[in-house]
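Visitor: The structure is given below, and queries will be raised subsequently.
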Amino acid sequence: MTPTPRVVEAGLRGFACAYERYLEDPFRLGQFVAVREGPCVVLGVVTDSASGPEDPSRPLQPRGAADQSAADVMTANPEIRLLLRTRVSVVSCGHIEGEAARPTLPPMPPPLLARVEPASAAETVRMASDATFLALLVVAPGCDDAAIAASVRTAAEAFGTGAHEFRVRAGKELARLLRAEPARLTSIMRGIGA
Amino acid sequence: MTLRMEQVLPQLPAMVSRYRTQLLAMEAGLDAAESALGRWAEDPPAGDAAIRAAMLNSSEPFAVASEESPELVAVAPPFGPLTVVSADGSSIEPNRFAAVQCFVINTGFVVLPYGTGVDADLGSHSEVGPEAPEAEGEDDAGAEDAGPRGWGVNLRRDVSELETGARLAEELSGRSPVVLLLDGTLFPWDLDSRQVAATTREELTRRTREALDRLAACGDDLSVGAYISGSRSSDVVNSLRALAAGDGRMWPGSDGQLFARHLRDGERTAVFRAASERVRNVESLFANQHEVCFFYLRIGDDVSRLELPLWAATPNKVARLHATLVDQCRRCDGYPRALQEAHEQAVISVGDRELFGRMLEAEALRQGLRTPANSKQMSKRRRGL
């Protein structure tokens, strides 16, 4: 069963979630995730992911012989994996209340310790269809150009055969949002692969 | 600064010099002790008899030989696939200034598989007590913050560690070879402490007995060792002094000092059987199969003592324990990894202690109990001029 991370820090503009243990394949950069607990479904985009010791006073020492892979070292030191955590940062990009999907900040933060799950393709399409969700991303302090580009690529996959049209809409929206920042626009468009 | 360094520092050179002189004087005693060890090894039964006769009226701990020659030095056998389990405890003592006096025992545990396919596990479990007020033991001799000693918090913690280790060993034996490492002595020595209420001692003796019996029932799959780092015990040295009666040279102060020059890194001594009045007092509470045996192990400059029950002193079990300890210590800068991680799981931080105190006070207030004002405690909080 895929481990489910939980919200460990929550705000209106974003939240952090952590897995119970270290995970080599956590949520990916730009992935749409959903918190379905609380008065509304909060949707967000993964902007960062980091793994390390849960206790900062116990830094991870570089171990292992020259011919050992990371998996070998983990097997030879079975306690290490249990002392590590993987943490993911998410920027809010909208919320769903009943039938309405709004690309705006949620009315309240997601509950602490709520489960964070991948957004379904249907949820992603509902949130991203007009690309206005990008407005929240471009102003979010923790959301850099690479994360925005990755979110567009990820959302495009959910559109299936409509992926190209979605990318065009996203490009137009980004051009409108970043008309005063051409260098940034170029950086994101390159990241999208447009 | 309240410590007057200008008074303290000038005294240090003489202090260190005196200790150095003692060490040099002890060299001759170490030679004598090694010589006595050699004589003991020539005829262990005769040596044992001489030691027992000499120590008959002594309250000092001493040792007698096991099946192994007393001067045996064993190198570590190869480390094989097995699972290491360990338990360690931490506690919050009762606070006599609190509205409600109680204690917390937090027992950490680890399961570390090495090539066995068992799932690794780290965790802890906590208990708050006592469940019912009990009679106190002897007076607390003026200790300021000791709380009711009759509850035997340290003893309860030791027993909880042993029970946790027994539970894990029981669960895993049969699935893989298991080595259980405990921190400190094998037996909870406070079982004979009159400061602990008799009813508490009786209950904890029963629980200790059950845990030891469960461990013994695990069979050939299980090795057990209670690890004492930097041991100051002198059982063997006392036995050797008894054998060398009349030798006036300065004798080594501990078995560790003797075996530090006897052993190389990773080597262990023979297994000895512990014998003393106190050992007998506590051992008498249990079946003979749990008689305490021990050996010393050198890792780096540290000579540690490993205590194990008699039933765990078979060649195979000792070899597995020895190999595991050397491997564990190499993984963790000279100290067994499993013990370190069990400690990390058990330790109660200053913040957690304070939080517990606040939560206890809040619950007491909620139930209408008020913390009595105590002038000494208040004066410690109010340090202004």
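Visitor: Find which of A:Asn77, A:Ala150, A:Pro59 sits farthest along the positive direction of the dipole of chain A, computed with +1 on the beta-carbon of Lys and Arg, -1 on that of Asp and Glu, about the Cα centre.
Guide: Farthest towards the positive end: A:Ala150.
Visitor: Other chains' Cβ within 10 Å of A:65-78 residues: what's the mean?
Guide: 2
Visitor: I've got another one for you. By how many degrees, 0 to 90 and rounded to 10, does the Cα axis of helix B:12-42 deviate from the longest principal axis of chain B?
Guide: Between helix and principal axis, roughly 50 degrees.
Visitor: Next question. Return a whole-number percent for the relative contact order of region A:135-194, with Cα pairs under 8 Å and 6 or more residues apart as the contact set.
Guide: On the way: 38 pairs, mean separation 24.3, N = 60.
Contact order relative to length: 41 percent.
Visitor: Right, here's the next one. Counting only C-alpha contacts under 8 Å and six or more residues apart, can you give the relative contact order of region A:6-193 as a whole percent? It would help to have the intermediate numbers written out before the result.
Guide: Values: 355 pairs, mean separation 50.9, N = 188.
Normalised by residue count, the contact order of region A:6-193 is 27 percent.
Visitor: Here is a further query. Would you work out if region A:41-112 is rounded, prolate or oblate? Take a ≥ b ≥ c from the square roots of the eigenvalues of the alpha-carbon gyration tensor; rounded if a/c is under 1.5, else prolate when a/b is larger than b/c, oblate otherwise. All intermediate terms of the calculation are to be shown ahead of the outcome.
Guide: Details: a/c = 3.96, a/b = 3.14, b/c = 1.26.
Prolate shape, in that a/c is at least 1.5 and a/b is the bigger ratio.
Visitor: Moving on to the next point. Would you mind working out the magnitude of the charge dipole of the protein assembly as shown relative to its Cα centre, with +1 at each Lys and Arg C-beta and -1 at each Asp and Glu C-beta, to the nearest 20 Debye?
Guide: 2100 debye
Visitor: Against the empirical 2.2 N^0.38 Å scaling, what ratio does the C-alpha Rg of chain B come to? Don't skip to the answer; put the middle values down first.
Guide: Details: Rg = 23.4 Å, N = 385, 2.2 N^0.38 = 21.1 Å.
Compared with the compact-globule rule of thumb, chain B sits at 1.11.
Visitor: Sort B:Thr2, B:Thr199 by Cβ crowding within 10 Å, fewest neighbours at the top.
Guide: Going from least to most buried by this count: B:Thr2, B:Thr199.
Visitor: Also, quick follow-up: How far apart, in nm, are the 7 Å Cα→Cβ label points at B:Glu131 and B:Asn316?
Guide: Simple spin-label model gives 3.8 nm for this pair.
Visitor: Describe numerically, in nm with one decimal, the distance between label points set 7 Å from Cα along Cα→Cβ at A:Ala146 and at A:Val73.
Guide: It works out to 2.1 nm between the two label points.
Visitor: Taking the Cα atoms only, what angle lies between the long axis of helix A:182-192 and the longest principal axis of chain A, rounded to 10 degrees?
Guide: 70 degrees
Visitor: Mind telling me which of B:Ala364, B:Ala132, B:Ala65 comes out most flexible in a GNM of chain B, alpha-carbon contacts under 10 Å?
Guide: B:Ala132
Visitor: Follow-up. Between the DSSP loop rule and a limit of at most 14 other Cβ atoms within 10 Å, which trypsin sites (Lys or Arg not before Pro) in region A:1-71 are left? Don't jump to the answer; show the numbers that get you there.
Guide: Details: sites: A:Arg6, A:Arg13, A:Arg21, A:Arg28, A:Arg36, A:Arg63; in loops: A:Arg13, A:Arg21, A:Arg28, A:Arg36, A:Arg63.
In loop regions of region A:1-71 (DSSP not H, G, I, E or B), the sparsely surrounded trypsin sites (Lys or Arg not before Pro) are A:Arg21, A:Arg28, A:Arg63.
Visitor: Follow-up. Comparing B:Ser58, B:Ser86, B:Ser69, which has the greatest mean-square fluctuation in the GNM of chain B with Cα pairs linked when under 10 Å apart?
Guide: B:Ser58
Visitor: Could you give the dipole magnitude of region A:6-193 about its Cα centre, charging the beta-carbon of Lys and Arg +1 and that of Asp and Glu -1, in debye to the nearest 20? Numbers along the way, then the final one.
Guide: Details: 21 positive and 22 negative charges, 92 e Å.
With only Lys, Arg, Asp and Glu charged at Cβ, the dipole is about 440 debye.
Visitor: Something else now. How about region A:1-78: which GluC sites (Glu not before Pro) there lie in a loop by DSSP and see at most 10 other Cβ atoms within 10 Å? Show your work: numbers first, answer last.
Guide: Details: sites: A:Glu9, A:Glu20, A:Glu24, A:Glu37, A:Glu54; in loops: A:Glu20, A:Glu24, A:Glu37, A:Glu54.
Listed in order of number, the matching sites are A:Glu24.
Visitor: Would you be so kind as to identify which of B:Ser234, A:Thr86, A:Leu105 lies farthest towards the positive end of the dipole of the protein assembly as shown, taking Lys and Arg as +1 and Asp and Glu as -1 on Cβ and the Cα centre as origin?
Guide: Among B:Ser234, A:Thr86, A:Leu105, the one farthest towards the positive end of the dipole of the protein assembly as shown is A:Leu105.
Visitor: Taking a ≥ b ≥ c as the square roots of the eigenvalues of the Cα gyration tensor of region B:183-225, is the shape rounded (a/c under 1.5), prolate (a/b larger than b/c) or oblate?
Guide: Numbers: a/c = 5.32, a/b = 1.99, b/c = 2.68.
Since a/c reaches 1.5 but b/c is at least a/b, the shape of region B:183-225 is classed as oblate.
Visitor: Using a 10 angstrom Cβ neighbour count of at most 14 plus a DSSP loop assignment to flag exposed GluC sites (Glu not before Pro), which longest range of chain B is free of such sites?
Guide: Values: sites that count: B:Glu67, B:Glu131, B:Glu138, B:Glu144.
With GluC sites (Glu not before Pro) excluded where exposed in loops, chain B gives B:145-385 as its longest stretch.
Visitor: Antiparallel as a % of all DSSP beta bridges within the protein assembly as shown, to the nearest 5? All intermediate terms of the calculation are to be shown ahead of the outcome.
Guide: Values: 72 of 83 bridges.
Rounded to the nearest five, the antiparallel share is 85 percent.
Visitor: Please find the FRET efficiency linking A:Ser120 to A:Arg176, where r is the Cβ-Cβ separation and R0 is fixed at 30 Å, and quote it to the nearest 0.05.
Guide: Working: r = 28 Å, r/R0 = 0.93.
It comes out at approximately 0.60.
Visitor: When N is the residue count of region A:118-194, what does its C-alpha Rg come to as a fraction of 2.2 N^0.38 Å? Don't jump to the answer; show the numbers that get you there.
Guide: Working: Rg = 11.5 Å, N = 77, 2.2 N^0.38 = 11.5 Å.
In units of the 2.2 N^0.38 Å rule of thumb, it is 1.01.
Visitor: Please check: in the Gaussian network model of chain B (C-alpha springs, under 10 Å), which one of B:Asp265, B:Asp235, B:Asp301 has the largest mean-square fluctuation.
Guide: Taking springs between Cα atoms under 10 Å, the residue moving most is B:Asp301.
Visitor: Calculate for chain A the 222 nm mean residue ellipticity that helices alone would give, adding -39,500 (n - 2.57) per DSSP H run of length 4 or more and normalising by residue count, nearest 500 deg cm²/dmol. Numbers along the way, then the final one.
Guide: Working: 7 runs with 67 residues, N = 194.
Taken over chain A, the calculation gives -10000 deg cm²/dmol.
Visitor: With a ≥ b ≥ c taken as the square roots of the eigenvalues of the C-alpha gyration tensor of region B:193-336, please select rounded if a/c is under 1.5 and otherwise prolate if a/b is larger than b/c or oblate if it is not? Walk me through the numbers before you get to the answer.
Guide: Numbers: a/c = 1.91, a/b = 1.20, b/c = 1.59.
In terms of gyration-tensor shape, oblate.
Visitor: While we're on this one: Can you give the FRET efficiency for B:Arg209 and B:Glu60, using 1/(1 + (r/R0)^6), R0 = 30 Å, r = Cβ-Cβ distance, to the nearest 0.05?
Guide: Efficiency for this residue pair is about 0.65.
Visitor: Rg (Å, one decimal) plus Dmax (Å, integer) for the alpha carbons of the protein assembly as shown?
Guide: Every Cα atom of the protein assembly as shown included, Rg and Dmax give 31.8, 101 Å.
Visitor: About the Cα centre of region B:18-90, what is the dipole size in debye to 20, counting +1 per Lys and Arg Cβ and -1 per Asp and Glu Cβ, all else neutral?
Guide: Magnitude of the dipole: close to 320 debye.
Visitor: Treating the angle as unsigned and between 0 and 90°, give the value, to the nearest 10°, between the Cα long axis of helix B:315-331 and the longest Cα principal axis of chain B.
Guide: Between helix and principal axis, roughly 60 degrees.
Visitor: Contact order normalised by length for region A:86-194, with contacts defined as Cα pairs under 8 Å and 6 or more residues apart; what percent is it? List each step's numbers first, then the result.
Guide: Details: 103 pairs, mean separation 26.7, N = 109.
Relative contact order here is 24 percent.
Visitor: Here is a further query. I need the GluC sites (Glu not before Pro) found in region A:60-117, filtered to DSSP loop residues with at most 13 other beta carbons within 10 Å of theirs. If you can, show how the numbers build up before the last one.
Guide: Numbers: sites: A:Glu79, A:Glu97, A:Glu99; in loops: A:Glu99.
Listed in order of number, the matching sites are A:Glu99.
Visitor: To continue, here is another question. For B:Ser17 and B:Arg39, what does the FRET efficiency come to when R0 = 25 Å and r is the distance between their Cβ atoms, rounded to the nearest 0.05? It would help to have the intermediate numbers written out before the result.
Guide: Numbers: r = 35 Å, r/R0 = 1.38.
Efficiency for this residue pair is about 0.15.
Visitor: Using only DSSP helix segments of four residues or longer, with each worth -39500 (n - 2.57), what per-residue ellipticity at 222 nm results for chain B after dividing by its residue count and rounding to 500? Don't skip to the answer; put the middle values down first.
Guide: Working: 12 runs with 158 residues, N = 385.
The helix contribution divided over chain B gives -13000 deg cm²/dmol.
Visitor: According to a simple spin-label model (label point 7 Å from Cα along Cα-to-Cβ), what is the distance in nm between A:Thr2 and B:Ser69?
Guide: 6.5 nm
Visitor: Once the dipole of chain B is set up with Lys and Arg at +1 and Asp and Glu at -1 on Cβ about the Cα centre, which of B:Ala323, B:Gln22, B:Ala76 lies farthest towards its positive end?
Guide: B:Gln22
Laboratory data are not the source of any read-out in this text; all were calculated from the coordinates shown. Predicted model only: the values in this text are computed from it and were never measured. Neighbour counts are summed over all protein chains in view; Cβ atoms, including those assigned to glycine, are modelled from backbone coordinates with ideal geometry.
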